[in-house]
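Enquirer: Okay, here's the structure, questions in a sec.
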Amino acid sequence: MINSAQITNQTAIVTGASRGIGRAIALALGTSGVEVVINYASSSEKAEQVVSEIKASGGNAYTVKANVADETEVNNLIGTVLERSKKIDVLINNAGITRDGLLMRMKTEDWQSVINLNLSGVFLCTRAVARSMLKQRQGRIINVTSVVGIIGNAGQANYAAAKAGVIGLTKTTAKEFASRGITVNAVAPGFIETDMTKDLKAESILSAIPLGTFGTPEQVAGTVGFLAINPAAAYITGQVIQVDGGMVMS
Ligand code: NAP
């Protein structure tokens, strides 16, 4: 739960909410009283489990399957939510993948698939919710980027480029939407223990984290949830907030 006061009558879409950070964000919002749309690409059972957990806590949620790298599927996702929930108050662009490899050997398809989902997917979802959010003159968008988008990372040219792109997209969208009362921010996690990081060599990374531990999805969810629904975040827009144990200080 994010607030002591329950938030009611708000609907949030979380892309990639079946596992990892997206799941933790969905649970944090759902247990705070927000109706949560659990988007996923293929893990339908896991997505339904998230819905069950939210409902068991007294909240409200439902799943919508959509590949957020695909324009038609994104438009169907947003259309389905607008039909069912009538409005969208919060969009969390969280879905992401990695296809790591050194630049010299990186396959074009690995470059393209990461850019398509991690960067173009954020653009497609943001554009698809824009009309209804601008009309209602209220909304919050949070894009999950990465510290790698700030400092780069050998072996992740595609991922770092996409995440750096998300930062530019966040700042531009924040400027374009500000006059309509919509805030747009990015959250940049460091190393968080999820399926995405389970095969990485952990020891060398751990020594680069001043707080001395890897992050949890719940720690990222706390910051995302604050930006998404807390009244105290209403005057924050166009910012990139790192949740990285001090890994990157600039
Ligand atoms: P994860 O555990 O691998 O989960 C990825 C989620 O994205 C899953 O719910 C997956 O759904 C969904 N997804 C994958 N492809 C999709 C598509 N085409 N359309 C819609 N959803 C799709 O990853 P994570 O570690 O939680 O990462 C979440 C976000 O945080 C990503 O943007 C990632 O880049 C970012 N991040 C993670 C870390 C980290 O250390 N873990 C650090 C910095 C940033 P299915 O289950 O259906 O496949």
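The values are calculated or read from the model by the stated rules, or taken from the named source; none is laboratory data. What you are looking at is a predicted structure, and each value in this text was computed from that prediction instead of being measured. Heads up, the Cβs are rebuilt from the backbone with ideal geometry, glycines too, and the neighbour counts pull from every protein chain shown. Please note that ligands, DNA and RNA were not included when accessible areas were found on the heavy atoms of the full protein model with its side chains. Shrake-Rupley method; radii C 1.70, N 1.55, O 1.52, S 1.80 Å.
Enquirer: When the residues of segment 133-149 are narrowed to those that are touching a Ser or Thr at 6+ places or on another chain (Cβ under 7 Å) and more than 9 Å from the ligand (Cβ to nearest atom), which ends up most open to solvent (accessible area, probe 1.4 Å)?
Expert: First, the residues of segment 133-149 that are touching a Ser or Thr at 6+ places or on another chain (Cβ under 7 Å): 140-141, 143.
Cutting the leftovers down to more than 9 Å from the ligand (Cβ to nearest atom) gives us 140-141.
Details: 140: 37, 141: 1 Å².
My answer is 140.
Enquirer: Being assigned to a loop (DSSP other than H, G, I, E, B) and either away from the ligand (no atom under 16 Å from the Cβ) or in contact (Cβ under 8 Å) with a residue 60 or more places away in the chain (or both) is the filter here, so list the residues in segment 163-206 that pass it.
Expert: If the condition is that a residue be assigned to a loop (DSSP other than H, G, I, E, B) and either away from the ligand (no atom under 16 Å from the Cβ) or in contact (Cβ under 8 Å) with a residue 60 or more places away in the chain (or both), then 181, 194 are the ones that fit.
Enquirer: Which members of segment 92-116 meet the condition of being in a helix (DSSP H, G or I) and buried (at least 24 other Cβ atoms within 10 Å of the Cβ)? Full working, then the answer.
Expert: Initial filter on segment 92-116 (in a helix (DSSP H, G or I)): 103-105, 108-116.
Passing the criteria: only 114.
Enquirer: How many residues, within segment 26-56, are of a type in the set (Val, Ile, Thr) and more than 15 Å from the chain's Cα centre (by Cα)?
Expert: Step one: of segment 26-56, the residues of a type in the set (Val, Ile, Thr) are 31, 34, 36-38, 50-51, 54.
Retained after the next criterion (residues that are more than 15 Å from the chain's Cα centre (by Cα)): 31, 34, 50-51, 54.
Within segment 26-56, residues that are of a type in the set (Val, Ile, Thr) and more than 15 Å from the chain's Cα centre (by Cα) number 5.
Enquirer: Condition test on residue 119, is it open to solvent by 10 Å² or more (accessible area, probe 1.4 Å), within 15 Å of the ligand (Cβ to nearest atom), in a helix (DSSP H, G or I) and within 18 Å of residue 21 (Cβ to Cβ)? Quick ask: steps written out before the conclusion?
Expert: Details: open to solvent by 10 Å² or more (accessible area, probe 1.4 Å): yes; within 15 Å of the ligand (Cβ to nearest atom): yes; in a helix (DSSP H, G or I): yes; within 18 Å of residue 21 (Cβ to Cβ): yes.
In short, yes.
Enquirer: Considering (1) at pLDDT 95 or above; (2) over 20 Å from residue 219 (Cα atoms); (3) more than 9 Å from the ligand (Cβ to nearest atom), say which one residue 8 fails and leave the rest.
Expert: Single failed check for residue 8: (1).
Enquirer: Within segment 151-162, work out how many residues are open to solvent by 70 Å² or more (accessible area, probe 1.4 Å) and part of a helix (DSSP H, G or I). Spell out the reasoning first.
Expert: Of the residues in segment 151-162, the ones open to solvent by 70 Å² or more (accessible area, probe 1.4 Å) are 151, 153-154.
From what's left, part of a helix (DSSP H, G or I): 151.
Total meeting the criteria: 1.
Enquirer: Right, another one. Would you confirm whether or not segment 9-16 contains a residue that is surrounded by fewer than 17 Cβ atoms within 10 Å (Cβ to Cβ) and over 24 Å from residue 169 (Cβ atoms)?
Expert: Yes, because at least one residue in segment 9-16 is surrounded by fewer than 17 Cβ atoms within 10 Å (Cβ to Cβ) and over 24 Å from residue 169 (Cβ atoms).
Enquirer: Being open to solvent by less than 30 Å² (accessible area, probe 1.4 Å), part of a loop (DSSP other than H, G, I, E, B) and within 14 Å of the ligand (Cβ to nearest atom) narrows it down to one of 51, 64, 68, 74, so name that one. Give the derivation first.
Expert: Details: 51 fails: part of a loop (DSSP other than H, G, I, E, B); 64 fails: part of a loop (DSSP other than H, G, I, E, B); 74 fails: part of a loop (DSSP other than H, G, I, E, B).
Just a single option satisfies the conditions, and that option is 68.
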